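Trainee: Here's a structure for you.
Any read-out appearing in this document is the output of simple, stated calculations on the displayed coordinates, not a laboratory observation. Just so we're clear, the structure is a prediction, and the values are computed from it rather than from any experiment. Glycine also receives a Cβ, built like all others from the backbone with ideal geometry; neighbour counts cover every protein chain displayed.
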Amino acid sequence: MEIRAKNLKVYLKSLEAGDAGDMAKNANNAEIAHYIGRPGEFPHPYTKENASLFIEDAARTYREKSAFHFGMHLNEGTLIGACGVHKIDYNNMRGEIGYWLGRPYWGKGYTKEALALLLGFCFKNLRLNRVSATVLAFNERSINLLRSLNFTEEGALRQDTLYGDTFVDDMVFSMLKHEYDGDESARIETAE
C-alpha cells in the first residue's frame, strides 16, 4: 500500500522484505534507540536481521488489520524512516502512532509530512476517532513535532518508564477526528 500527496516531499509505503537493508542502515543509531522508548525496545545496534523481523511482523499485523507500518520514503524512492499506527481498537475507534527517522534526515520536516499522511490514513481510511502518541518526557524533538501537528497534550504518566535505573515520565498526546485539519486539497492515493 502507498499513501501519497502531490504537494509533499515524502510518501508512505508498506514495508517489504527488500527494505531491510535501508531500514537497518537508517535505524542503526544510538540516538534513535535512546529516544524511541523503553531501553531494549528499539535495538542498538540495529541489524538487518532486526529489520527483517520487524518487516515480517508488519506484514502479519497488516493482514490482521491490527497495525499498519509504513516506510517513509523521499519522492525519489529512498527509505529514510518508518511510521505506523498500532494498538488499534476498532470498537472504540482509536489507535496509537509511532515513528522514527534516520539521523541524516532530522530537521528537514520529513517526519511532519509523513505523519500528516499517516493521520489522513487513520482518520479517513481507518475511520478512527482518536489517535494518540506517547513519548518519553525528555524527547523534546518529538514533543515539539506533535505540538506542531496540533496534537493536544493530555498529561504525563508519572514515572511510567524505567529507563536504566531511573524512572521517567511518559507524555501522552492525542488528536480527535474533529480536530484533524488535514489538507483536503492534497490528493492522498491509497493503492494496494
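Trainee: Assign one of three labels to the chain, namely rounded, prolate or oblate, based on the Cα gyration tensor with a ≥ b ≥ c the square roots of its eigenvalues; rounded applies when a/c is under 1.5, prolate when it is not and a/b is larger than b/c, and oblate otherwise.
Mentor: In terms of gyration-tensor shape, rounded.
Trainee: Please give every one of the lysines within straight-line cross-link reach of K124, meaning a C-alpha to C-alpha distance under 27 Å, and leave out same-chain neighbours fewer than 8 residues apart.
Mentor: The reachable lysines, counting only those whose Cα sits under 27 Å from K124, are K6, K9, K13, K65, K87, K108, K112, K177.
Trainee: Can you compute the charge dipole magnitude of the chain about its Cα centre, using +1 on each Lys and Arg Cβ and -1 on each Asp and Glu Cβ, nothing else charged? Give it in debye, rounded to the nearest 20.
Mentor: Here the size comes out at about 380 debye.
Trainee: Now for a separate question. Report the local net charge at K87: Lys and Arg +1, Asp and Glu -1, summed over other residues whose C-beta lies under 12 Å from its C-beta.
Mentor: 0
Trainee: Of the listed peptides 124-132, 93-101, what is their order by residue-averaged count of other C-beta atoms within 10 Å, with the highest listed first?
Mentor: So the order, starting with the most tightly packed, is 93-101, 124-132.
Trainee: Quick one: what Rg and Dmax do you get for the stretch 1-52 from the alpha carbons, in Å?
Mentor: 13.2, 38
Trainee: Take the alpha-carbon centre of the stretch 79-111, take the same for the stretch 9-36, and report the distance between them in whole Å.
Mentor: Using only Cα atoms to place each centre, the spacing works out to 11 Å.
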